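Each remark here refers to the structure printed beneath this line.
Any read-out appearing in this document is the output of simple, stated calculations on the displayed coordinates, not a laboratory observation. The model shown is predicted, which means the values in this text are computed figures rather than measured ones. So basically every Cβ, Gly included, is an ideal-geometry build from the backbone, and we count neighbours across all protein chains shown.
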Amino acid sequence: MKDEQIKKAYEAAKEQYAALGIDADQAVEKLNTVSLSIHCWQADDVLGFENPEGGLSGGIQATGNYPGKARSIEELQKDIEKVLTLVPGKHRLSLHAIYGDFGGQFVDRDQIEPKHFQVWMDWAKKNNVKLDFNSTFFSHPKSDSGYTLSDFDPEIRKFWIEHLRRCRRIAEEMGRQQGDACIHNIWIPDGEKDKTVSRMKHRELLKQSLDEALAEKIDTKYLKDTVECKLFGIGSESFVTGSHEFYMGYAIKNNMMLTLDAGHFHPTEVISDKISSMLLFVPEVNLHVSRPERWDSDHVVILTDELLALSQEIVRSGQIDRVHIGLDYFDASINRLGAYVVGIRSAQKAMLQAMLEPTEKLRDFELKNKNFQRMAYLEELKAMPWNAVYNYYCLQQAVPVADEYIASIQAYEDEVTSKRSSR
Ligand code: RNT
Ligand code: ZN
């Protein structure tokens, strides 16, 4: 598309929105302040760099074997840098503990230190990106029993408590160096395949382990811990220790952040409707935006009704500063950079649509019991020219407009990722 065309379409869209009392310029400015926390693990199917032969375990799975996954920190950094040239806005990068720079040595999870992540902190500074962090409780022999922090075996628990303590210190260091709190997400795979009798015991153990690991007080200026619940995983169909009720209770009791992953609930249960409740009881909410296709399949985020509903709830709550939007999907069956770019751009498009809503007008209808009018406006809004606004935003930020990024990803595949041998 020519610049002139984009601008012309934007001017027309702006007028249409102005007629509804919405300032499109302001929406663009607002969207530009929304930083998504981009997950590092789409680049290599959640393998990390701890163990070259290591596979993925813990009830999650990346299916497909599209060529070109990142095989080293350098390749992963290069891929993310490329992604960042194809999306507007300033974003964060979310690292997992298995993505450290271990210098060719095996450094076990209870031994990791901030120094193993200095290369990422340097990279982040250079690229003007902020980091978030995740402790890694899966893909390790000490989680083979299916349990980590809630294992019956005190030695296993001790190992993972130490991992968690260390991860908090690493995240704290990231927060210090970047002058902005690093969000540290805690997700454990614990659970089992079949009818479990000692549910309460495992949950008691999890509570106790978390209490112990989180006892060290670290300033929330640098570190914000958040806990992520789940309904089930592969091999943990019947029981998951860290259920929604468990972590909702834990987060409220400890006045800490809660992570809501779009794929971690019953098939027709949606996280969009949880935002307005959780914001009343926990200080902040972290999202793992993902696309469950029939189960927690971690498909690439696309513009679905639920993505839009989620964005609307974030914007309508007026609490956008208390909601952190992280991505969490891993599709190994398609070009991985393409997966990143589509997911990021779709998340932004949904946020933009929500920001272009005449919410006050809709609330007013609601107040007056004019619910036909509310419904009709909500329907009309779907067909408003929000995409012209997004295209303009891309032009303004000097990144590819509309489908232009597709060719760029193909070129990167031809020149870079297709030449990588598989791991
Ligand atoms: C697993 C959780 C978790 C992971 C990442 C890799 O079901 O969603 O957040 O996807 O930590
Ligand atoms: Zn998640």
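Of the residues making up region 262-315, those that are more than 13 Å from the chain's Cα centre (by Cα) and basic (K, R) number 2. Inspect region 343-360 for any residue being over 21 Å from Q5 (Cβ atoms), assigned to a loop (DSSP other than H, G, I, E, B), of a type in the set (S, T, Y) and under 17 Å from the mean Cα position of the chain (by Cα) and give the result as yes or no. No, region 343-360 contains no residue that is over 21 Å from Q5 (Cβ atoms), assigned to a loop (DSSP other than H, G, I, E, B), of a type in the set (S, T, Y) and under 17 Å from the mean Cα position of the chain (by Cα).
Given K78, K130, K90, K126, which one is more than 22 Å from the chain's Cα centre (by Cα) and closer than 30 Å to Y393 by Cα? Working first, answer last.
Numbers: K78 fails: more than 22 Å from the chain's Cα centre (by Cα); K130 fails: more than 22 Å from the chain's Cα centre (by Cα); K90 fails: more than 22 Å from the chain's Cα centre (by Cα).
It is K126.
Check region 373-382 and report whether any residue there is within 23 Å of the chain's Cα centre (by Cα), among the hydroxyl-bearing types (S, T, Y) and surrounded by fewer than 19 Cβ atoms within 10 Å (Cβ to Cβ). Looking for residues that are within 23 Å of the chain's Cα centre (by Cα), among the hydroxyl-bearing types (S, T, Y) and surrounded by fewer than 19 Cβ atoms within 10 Å (Cβ to Cβ), one finds none in region 373-382, hence no. Checking each residue in region 148-167 for being within 16 Å of ligand 1 (Cβ to nearest atom) and free of Cβ contacts under 8 Å to residues at least 60 places away in the same chain picks out T148, W160, L164. The residues of region 322-334 that are touching a residue at least 60 places away in the same chain (Cβ under 8 Å) and either within 16 Å of ligand 2 (Cβ to nearest atom) or polar (S, T, N, Q) (or both), listed by number, are H324, I325, G326, L327, D328, Y329, F330, D331, S333.
Taking region 261-292 as the range and being in contact with a Lys or Arg (Cβ under 9 Å, 6 or more places away or on another chain), part of a strand (DSSP E or B) and either under 18 Å from S236 (Cβ atoms) or within 12 Å of ligand 1 (Cβ to nearest atom) (or both) as the test, the residues that pass are D261, N286.
Here is a yes/no grid of residues against (1) within 16 Å of ligand 2 (Cβ to nearest atom); (2) buried (at least 19 other Cβ atoms within 10 Å of the Cβ):
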| position | (1), (2) |
| --- | --- |
| E245 | no, no |
| M256 | no, yes |
| T259 | yes, yes |
| D273 | no, no |
| S276 | no, no |
| V282 | no, yes |
| V285 | yes, yes |
| R291 | yes, yes |
| D296 | yes, yes |
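In region 222-240, the residue that is nearest to ligand 1 (Cβ to nearest atom) out of those that are in a loop (DSSP other than H, G, I, E, B) and either touching a residue at least 40 places away in the same chain (Cβ under 8 Å) or at positive phi (or both) is K230. A residue that is farther than 25 Å from V129 by Cβ and β-branched (V, I, T) occurs nowhere in region 210-225. Taking region 47-78 as the range and being over 17 Å from W120 (Cβ atoms) and either small (G, A, S) or surrounded by 24 or more Cβ atoms within 10 Å (Cβ to Cβ) (or both) as the test, the residues that pass are G54, G55, S57, G58, G59, A62, G64, G68. In region 23-46, of all residues being in a loop (DSSP other than H, G, I, E, B) and crowded, with 22+ Cβ neighbours inside 10 Å, the one that is nearest to ligand 2 (Cβ to nearest atom) corresponds to V46.
If you check V227 against the conditions, is it within 15 Å of ligand 2 (Cβ to nearest atom) and touching a Leu at 6+ places or on another chain (Cβ under 8 Å)? Answer is yes for this residue.
Tell me the residue from L310, L337 that is assigned to a helix (DSSP H, G or I) and within 16 Å of ligand 2 (Cβ to nearest atom), please.
Selected residue: L310, the only one of L310, L337 that is assigned to a helix (DSSP H, G or I) and within 16 Å of ligand 2 (Cβ to nearest atom).
The set of residues in region 247-260 that are aromatic (F, W, Y) and within 15 Å of ligand 1 (Cβ to nearest atom) contains only Y247. Look at (1) within 16 Å of ligand 2 (Cβ to nearest atom); (2) over 23 Å from E284 (Cβ atoms); (3) touching a residue at least 60 places away in the same chain (Cβ under 8 Å) and you find that D190 fails only one, number (3).
Please determine whether any residue of region 340-349 is surrounded by fewer than 16 Cβ atoms within 10 Å (Cβ to Cβ), more than 19 Å from V227 (Cα to Cα) and within 16 Å of ligand 1 (Cβ to nearest atom). Spell out how you get there, then give the answer.
First, the residues of region 340-349 that are surrounded by fewer than 16 Cβ atoms within 10 Å (Cβ to Cβ): none.
Scanning region 340-349 turns up no residue that is surrounded by fewer than 16 Cβ atoms within 10 Å (Cβ to Cβ), more than 19 Å from V227 (Cα to Cα) and within 16 Å of ligand 1 (Cβ to nearest atom).
Of all the residues in region 275-289, those that are closer than 24 Å to C182 by Cβ and in contact with a helix residue (DSSP H, G or I) (Cβ under 9 Å, 6 or more places away or on another chain) number 10. If we scan region 311-325, do we find a residue that is surrounded by fewer than 24 Cβ atoms within 10 Å (Cβ to Cβ), closer than 16 Å to V300 by Cα and more than 16 Å from ligand 1 (Cβ to nearest atom)? So far as region 311-325 goes, no, none of its residues is surrounded by fewer than 24 Cβ atoms within 10 Å (Cβ to Cβ), closer than 16 Å to V300 by Cα and more than 16 Å from ligand 1 (Cβ to nearest atom).
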